[in-house]
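The values are calculated or read from the model by the stated rules, or taken from the named source; none is laboratory data. Treat the numbers as computed from the prediction; the structure is a model and nothing was measured. Here the Cβ positions follow ideal geometry from the backbone for every residue, glycine too, while neighbour counts run over all protein chains shown. The accessibility values were calculated without ligands, DNA or RNA, using every heavy atom of the protein model including side chains. Shrake-Rupley method; radii C 1.70, N 1.55, O 1.52, S 1.80 Å.
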Amino acid sequence: MSGTKLAPLSWAQRKDRLYLTFPIPDSSNVTIQQTATKLAFSCTGAEGQQFQLEFEFYSPVKETSGEWKNTGRGVEMKVMKKDDDTEYWPKLYKGSTKFRNITVDWNRWIDEDEEDQDAFDWGAGQELTGNADELMNQMQQQKLLEQLQEQVKNTQVEKVENDGLDDLDEDDEDEMPGLE
(Lines give C-alpha, C1' and ligand atoms only; values in the text may rest on other atoms or scores of the structure.)
Protein backbone atom coordinates (compact mmCIF):
# COMPACT_ATOMS: atom_id res chain seq x y z
CA MET A 1 0.00 0.00 0.00
CA SER A 2 1.23 3.48 -0.64
CA GLY A 3 0.71 6.73 1.20
CA THR A 4 0.42 7.49 4.87
CA LYS A 5 -2.95 7.66 6.60
CA LEU A 6 -3.90 9.88 9.50
CA ALA A 7 -3.85 7.70 12.63
CA PRO A 8 -7.18 7.36 14.46
CA LEU A 9 -7.10 8.44 18.10
CA SER A 10 -9.62 8.25 20.94
CA TRP A 11 -9.01 10.06 24.22
CA ALA A 12 -10.34 10.56 27.72
CA GLN A 13 -9.10 12.60 30.65
CA ARG A 14 -8.99 13.07 34.38
CA LYS A 15 -7.88 16.21 36.21
CA ASP A 16 -4.28 15.02 36.23
CA ARG A 17 -3.93 12.76 33.16
CA LEU A 18 -4.92 11.90 29.61
CA TYR A 19 -5.69 8.47 28.17
CA LEU A 20 -4.88 8.14 24.48
CA THR A 21 -5.73 5.10 22.36
CA PHE A 22 -4.60 4.59 18.77
CA PRO A 23 -6.94 1.74 17.68
CA ILE A 24 -4.71 0.26 14.98
CA PRO A 25 -4.72 -3.57 15.25
CA ASP A 26 -1.39 -5.41 15.04
CA SER A 27 0.63 -2.19 15.11
CA SER A 28 4.36 -2.49 14.58
CA ASN A 29 7.29 -0.06 14.26
CA VAL A 30 5.58 2.23 16.77
CA THR A 31 7.32 5.56 17.22
CA ILE A 32 6.12 8.10 19.78
CA GLN A 33 7.81 11.43 20.37
CA GLN A 34 6.31 13.49 23.15
CA THR A 35 7.37 16.87 24.42
CA ALA A 36 5.66 19.16 26.91
CA THR A 37 3.58 20.66 24.10
CA LYS A 38 3.49 18.16 21.19
CA LEU A 39 2.88 14.54 20.35
CA ALA A 40 4.09 12.78 17.21
CA PHE A 41 2.91 9.20 16.58
CA SER A 42 3.62 6.82 13.75
CA CYS A 43 3.29 3.08 13.18
CA THR A 44 2.74 0.38 10.60
CA GLY A 45 -0.65 -1.32 10.59
CA ALA A 46 -1.48 -4.99 10.03
CA GLU A 47 -1.43 -4.82 6.24
CA GLY A 48 1.70 -2.67 5.99
CA GLN A 49 -0.25 0.61 5.92
CA GLN A 50 1.64 3.56 7.43
CA PHE A 51 -0.17 5.73 10.00
CA GLN A 52 0.90 8.97 11.61
CA LEU A 53 -0.49 11.82 13.66
CA GLU A 54 1.06 14.97 15.02
CA PHE A 55 -0.60 17.66 17.10
CA GLU A 56 0.04 20.23 19.80
CA PHE A 57 -1.54 19.55 23.20
CA TYR A 58 -4.22 21.97 24.39
CA SER A 59 -2.10 22.69 27.51
CA PRO A 60 1.36 21.57 28.59
CA VAL A 61 1.96 18.01 29.80
CA LYS A 62 4.78 16.44 31.77
CA GLU A 63 7.48 15.69 29.25
CA THR A 64 8.54 12.31 30.64
CA SER A 65 5.05 11.02 31.40
CA GLY A 66 4.28 9.26 28.12
CA GLU A 67 3.84 5.65 29.21
CA TRP A 68 2.55 3.47 26.39
CA LYS A 69 1.96 -0.16 25.47
CA ASN A 70 1.04 -2.06 22.33
CA THR A 71 -1.94 -4.27 23.19
CA GLY A 72 -2.37 -5.98 19.83
CA ARG A 73 -5.63 -4.12 19.33
CA GLY A 74 -3.84 -0.81 19.27
CA VAL A 75 -1.48 1.42 21.19
CA GLU A 76 -2.59 2.80 24.56
CA MET A 77 -0.87 5.75 26.18
CA LYS A 78 -1.15 7.62 29.48
CA VAL A 79 0.12 11.21 29.59
CA MET A 80 0.23 13.25 32.80
CA LYS A 81 -0.90 16.87 32.67
CA LYS A 82 1.66 19.40 33.82
CA ASP A 83 -0.62 20.80 36.52
CA ASP A 84 -2.05 17.88 38.49
CA ASP A 85 -5.23 19.66 39.55
CA THR A 86 -6.01 21.47 36.32
CA GLU A 87 -9.48 21.91 34.89
CA TYR A 88 -10.73 19.51 32.25
CA TRP A 89 -9.63 20.45 28.76
CA PRO A 90 -12.37 21.31 26.26
CA LYS A 91 -10.41 19.39 23.61
CA LEU A 92 -7.15 17.47 23.27
CA TYR A 93 -5.33 19.73 20.85
CA LYS A 94 -4.57 23.43 20.47
CA GLY A 95 -5.86 25.45 17.56
CA SER A 96 -9.01 25.68 15.49
CA THR A 97 -8.24 22.79 13.13
CA LYS A 98 -10.81 20.00 13.36
CA PHE A 99 -9.22 16.55 13.46
CA ARG A 100 -11.93 14.16 12.28
CA ASN A 101 -9.82 11.19 13.32
CA ILE A 102 -9.71 12.27 17.00
CA THR A 103 -12.73 11.13 19.03
CA VAL A 104 -13.74 10.87 22.67
CA ASP A 105 -13.20 7.49 24.33
CA TRP A 106 -16.59 7.20 26.04
CA ASN A 107 -15.60 3.88 27.69
CA ARG A 108 -13.01 5.70 29.81
CA TRP A 109 -14.64 9.10 30.07
CA ILE A 110 -15.73 10.43 33.47
CA ASP A 111 -17.40 13.84 33.79
CA GLU A 112 -15.44 16.42 35.74
CA ASP A 113 -18.04 16.70 38.50
CA GLU A 114 -18.17 12.90 38.90
CA GLU A 115 -14.44 12.28 39.08
CA ASP A 116 -14.16 12.69 42.85
CA GLN A 117 -17.01 10.21 43.37
CA ASP A 118 -15.02 7.45 41.65
CA ALA A 119 -12.00 6.91 43.91
CA PHE A 120 -10.87 3.89 41.89
CA ASP A 121 -9.40 4.82 38.50
CA TRP A 122 -10.77 2.04 36.29
CA GLY A 123 -8.55 2.92 33.35
CA ALA A 124 -5.23 2.89 35.16
CA GLY A 125 -4.92 -0.85 35.80
CA GLN A 126 -4.33 -0.38 39.53
CA GLU A 127 -5.07 -2.71 42.42
CA LEU A 128 -8.18 -2.06 44.50
CA THR A 129 -7.26 0.33 47.27
CA GLY A 130 -9.00 2.68 49.65
CA ASN A 131 -12.59 1.55 49.27
CA ALA A 132 -11.91 -2.21 49.24
CA ASP A 133 -13.46 -2.75 52.69
CA GLU A 134 -16.53 -0.78 51.70
CA LEU A 135 -16.85 -2.78 48.48
CA MET A 136 -16.55 -6.08 50.38
CA ASN A 137 -19.24 -4.98 52.86
CA GLN A 138 -21.58 -4.07 50.01
CA MET A 139 -20.98 -7.42 48.33
CA GLN A 140 -21.66 -9.31 51.58
CA GLN A 141 -24.85 -7.32 52.18
CA GLN A 142 -26.00 -8.05 48.64
CA LYS A 143 -25.35 -11.78 49.11
CA LEU A 144 -27.27 -11.80 52.43
CA LEU A 145 -30.17 -9.96 50.81
CA GLU A 146 -30.31 -12.51 47.99
CA GLN A 147 -30.25 -15.39 50.51
CA LEU A 148 -33.10 -13.83 52.51
CA GLN A 149 -35.16 -13.30 49.38
CA GLU A 150 -34.62 -16.94 48.42
CA GLN A 151 -35.69 -18.11 51.91
CA VAL A 152 -38.85 -15.99 51.78
CA LYS A 153 -39.66 -17.35 48.33
CA ASN A 154 -39.16 -20.96 49.48
CA THR A 155 -41.30 -20.37 52.59
CA GLN A 156 -44.12 -18.94 50.46
CA VAL A 157 -43.96 -21.90 48.06
CA GLU A 158 -44.10 -24.40 50.95
CA LYS A 159 -47.08 -22.57 52.47
CA VAL A 160 -48.99 -22.64 49.19
CA GLU A 161 -48.25 -26.35 48.75
CA ASN A 162 -49.54 -27.13 52.26
CA ASP A 163 -52.66 -24.91 52.24
CA GLY A 164 -55.32 -27.43 51.37
CA LEU A 165 -54.13 -28.32 47.94
CA ASP A 166 -53.75 -31.95 49.02
CA ASP A 167 -57.54 -32.10 49.53
CA LEU A 168 -58.29 -31.80 45.81
CA ASP A 169 -59.88 -34.76 44.15
CA GLU A 170 -57.72 -36.34 41.50
CA ASP A 171 -60.85 -36.62 39.35
CA ASP A 172 -61.21 -32.83 39.41
CA GLU A 173 -57.79 -32.46 37.88
CA ASP A 174 -58.63 -34.76 34.96
CA GLU A 175 -61.87 -33.08 33.94
CA MET A 176 -61.40 -30.08 31.74
CA PRO A 177 -64.35 -27.93 30.69
CA GLY A 178 -65.15 -28.11 27.01
CA LEU A 179 -64.47 -25.27 24.61
CA GLU A 180 -67.54 -23.56 23.25
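Figures for the structure shown
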item: Listed pairs K78/K98; K5/K91; K78/K143; K69/K143 exceeding 32 Å between Cα atoms; result: K78/K143; K69/K143
item: Kirkwood hydrodynamic radius over Cα pairs of the stretch 1-102, then Stokes diffusion coefficient at 4 °C and 1.567 mPa s, in µm²/s; result: 93 µm²/s
item: The stretch 5-50, accessible area per residue, ligands and nucleic acids excluded (1.4 Å, Å²); result: 40 Å²
item: Förster-model FRET efficiency, 45 Å R0, K38 and L135, C-beta, rounded to 0.05; result: 0.65
item: Order of exposure, largest accessible area first, which applies to K153, K81 with probe 1.4 Å; result: K153, K81
item: Probe 1.4 Å, all protein chains present, accessible-area order of I102, I32, largest first; result: I32, I102
item: Which of M80, M139 is most accessible, then next, and so on - probe 1.4 Å; result: M139, M80
item: Solvent-accessible area, 1.4 Å probe, carbon plus sulfur percent, for the stretch 1-100; result: 44 percent
